[in-house]
Amino acid sequence: MLNLNGQTIFLGGFHDHWARADADNPSLLLAALNFYHYDFLCLMDGGQADRRIQQIASLWCKQLRIYLGREECYGWGHLVTLGPKAPQLPQDNLDWVRVLQQTKANYDLLILAHPCYPTTWEKLFLPQKMDQLLDEGLIDGVQLTIGTDGRDAQRNAALVNWFEARDRAGKVTPIVGGWDVHQALPVKNLPPVLYTAKHPPDGTFETACDNRTLVFAARNELTDICRAVREGQTVIEDLRTGRLVGPAKLVRFLEDNGYRSAIRQMDADRDAVRLEQADSCVAGQNAQLHITAPAGTINWPVNFDQTTPIAAAGGSAEITPRVPALLDRDVTYLPVTWQDDSGRQRFWAVQSIHPIQFDVLPNLTEAQTSVEVITKAPLHGTLQLELENNLGSFTQAISGSVKLPLAISKSSPTPVRYTAKITTDHAITRSLDGYLTFLPVRRFNGSWQDIGRIGVDDSRFEAVHGYGHSRPWPGSDAFSAQIQFAWDEQALYFSADVTDPIHYQPFEGHFTYNADCLQLAIDPLLRRNDSVGSFYSFNLALTKHGPELFRIHSPQNEASAQFSPPANNVSLRDRFLKIVHTQHGLRYEMRLPWGELAPVQPAAGLRMGVYFIMFNNNGQGHLDTLHWPVPLEGMWMTPSRWGVLSLIT
């Protein structure tokens, strides 16, 4: 919070999605907000996950308010809403005026989200409909994106010009900003304590932390924040360039009353409080931390709901608290704060490593189907492993990786749920659960007739909380697929026989997922990480120009002297993809050379991670989305939870 010449100004953001990134642990998000002096944030995923983040933030961040809302997606654009009081209308309603008229009263605030997004740009901005929506009171404001670099730089410039023209004409034009964060990136060589001036949040998430909204309001309460937005009392700051975009009179007020010097002082005060650590903490051991700060209190986690206060006398000191195992993960971040008597607070995310690290994978050979427990760190203890439907139950000593034979067919496209627990001789425990895909991928002999089919044709594949879901799944006769995988020394083969009577795909490239589209992700080296950086993902779509295979992600974190990853967001056109119409929909056939999945080399016994998504849009917006092998809560881009393809002869 700032007070400039008697005017209270709150800093915040109106559009973010941490429940998709990590519903269990908001430490990185809270550390980023603290770094940029945020007073509030609006979360857009809705549901229990956002409420849990709000609860954790209320304990750890005394000055921060989390306001809850919901992003609503329609075929003509997205909405950012606060305080929704009724369910969203069907996404396939193309009459945006009627939708807004019917729903405006259901929200504390209704904002048109990122007009640079393709559907909003084509249907609302270019036809000059945004002025109508504002002037007729159908929306409360617009999320203005103002970044000057990246894919949307030209559109952002046009949006700023549109706003400034309205401001010159004396029209109230409420604007807000937001990061629209979905996921943290696995950035190499980050220090174990985040964030600092040397390692700021910008660049550690999949979207830029490049703006914050300045709200001229009396109090940091939802009613005051919403009122200020509707009255046009907001300015958006470009955190990379320092540019201020907003009503000219407010920008002049900030410039004339020392806003920039006030922020510099806040930054200096922030950077004077330092928490340092040479190596990552290890759960179950004592941390070795160095704090430099004025007198105050350090809050160390017992768990996310309970803290241990540690007095800081002022100056520099060593602290060695016991490190808790907050989550059953190889690596996680602990919430740690310092606070003085005035309420000034510093929040860090401190990296912690679990001493028990293991994974559970299917192991298929011609002779045997097994479960393989792979230990990634030395340990001695006891393993307990249970597979559903009485397919296997094991309790035994473990001191390294082990294969546990199963009496089941190795051809089982149905995912099998498992639970596993390891307890060390020192009574430290670690649990793991997930699904195993006992899926053999056979050599391709030129015909798909001999290749097993996997049905994505049941309600268990319905991603109820996934992007693109807007109605109950209508059944396999309306939307489903039979998919197949095969291989030889030259390529990985994939086919999908899709049932979808109405084909609609007006987009190309990255955004084809907004209409009828398949997405296929491959983790070629089976890294099974928790984020992007080691896998390939592709859009497969029949566009107006024909079949298009579009590479969204490549394994950028696998770069080495021997391997230069290909670029993200590149169209491969129809070189490796054929799509034909069938009586019930479309048939996709992909022949992807192994060079497009480098650096992996094909061989019998190779295992690769896999995830498959299909979207349905009949022309009015998303209707359905199915995920295989198992729909995942939050972001699907977590390879540690994907299925596994096992290449056999």
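The values are calculated or read from the model by the stated rules, or taken from the named source; none is laboratory data. The structure displayed is predicted, hence computed values, not measured ones. Backbone-built Cβ (ideal geometry, glycine too); neighbour counts: all protein chains shown. Note: accessible area is taken over every heavy atom of the protein model, side chains too, but ligands, DNA and RNA are not part of it. Shrake-Rupley method; radii C 1.70, N 1.55, O 1.52, S 1.80 Å.
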Estimated inter-spin distance, ARG573 and LYS403, nm [label 7 Å along Cα→Cβ]: 4.5
Pairs of alpha carbons in segment 485-633 whose separation is greater than 26 Å (percent): 24
Antiparallel DSSP beta bridges within segment 62-175, as percent of all bridges there, nearest 5: 75
FRET efficiency, ASN257 to LYS376 (Cβ-Cβ, R0 41 Å, nearest 0.05): 0.15
Other-chain or far-sequence residues with amide H under 5 Å of ARG243's (modelled H): ASP238
Rounded accessible area of ASP167 (nearest 10 Å², 1.4 Å probe): 50
Selection of chymotrypsin sites (Phe, Trp or Tyr not before Pro), segment 541-582, meeting DSSP coil and at most 15 other Cβ within 10 Å: PHE563
5 angstrom amide H check on ASN93, placed H, neighbours 5+ away: GLY75
Calculated FRET efficiency for the pair GLU508/SER564, C-beta based, R₀ 25 Å, to 0.05: 0.40
Per-residue ³J(HN,Hα) for segment 271-285, Karplus 6.51 cos²θ - 1.76 cosθ + 1.60, θ = phi - 60°, Hz, x for Gly and Pro: 6, 6, 9, 10, 10, 10, 7, 6, 10, 5, 5, 10, 4, x, 10
Entries in LYS62/LYS198; LYS62/LYS129; LYS198/LYS249 that, when Cα-Cα distance is taken, lie over 32 Å: LYS62/LYS129; LYS198/LYS249
Rounded to 5, the percent of DSSP beta bridges in segment 1-84 classed as antiparallel: 55
Per residue accessible area of the chain, 1.4 Å probe, in Å²: 40
Calculated diffusion of the chain, Stokes-Einstein form, Kirkwood radius summed over Cα pairs, 25 °C and 0.890 mPa s, µm²/s: 92
Sequence-distant residues sharing a close amide H with GLY178 (under 5 Å, placed H): PHE14
Segment 23-40 - phi-based ³J(HN,Hα) in whole Hz, Karplus 6.51/-1.76/1.60, Gly and Pro as x: 5, 8, 8, x, 4, 5, 4, 5, 5, 5, 5, 5, 4, 9, 6, 5, 9, 7
DSSP beta bridge pairing in the chain, given as percent antiparallel to the nearest 5: 90
Cut-off 11 Å between beta-carbons: net charge of the residues surrounding TYR611, Lys and Arg +1, Asp and Glu -1: 0
Qualifying lysines (Cα of each under 21 Å from Cα of LYS123; at least 8 residues distant if same chain): LYS104, LYS544
Solvent-accessible area, 1.4 Å probe, carbon plus sulfur percent, for the chain: 48
Karplus-derived HN-Hα couplings along segment 316-322 (A = 6.51, B = -1.76, C = 1.60, θ = phi - 60°), whole Hz, x at Gly and Pro: 10, 7, 9, 10, 9, x, 5
Within the chain, helix-based [θ] at 222 nm, where runs of 4 or more DSSP H residues each add -39,500 (n - 2.57), nearest 500: -4000 deg cm²/dmol
GLN449/THR365 FRET efficiency (R0 22 Å; Cβ-Cβ; nearest 0.05): 0.35
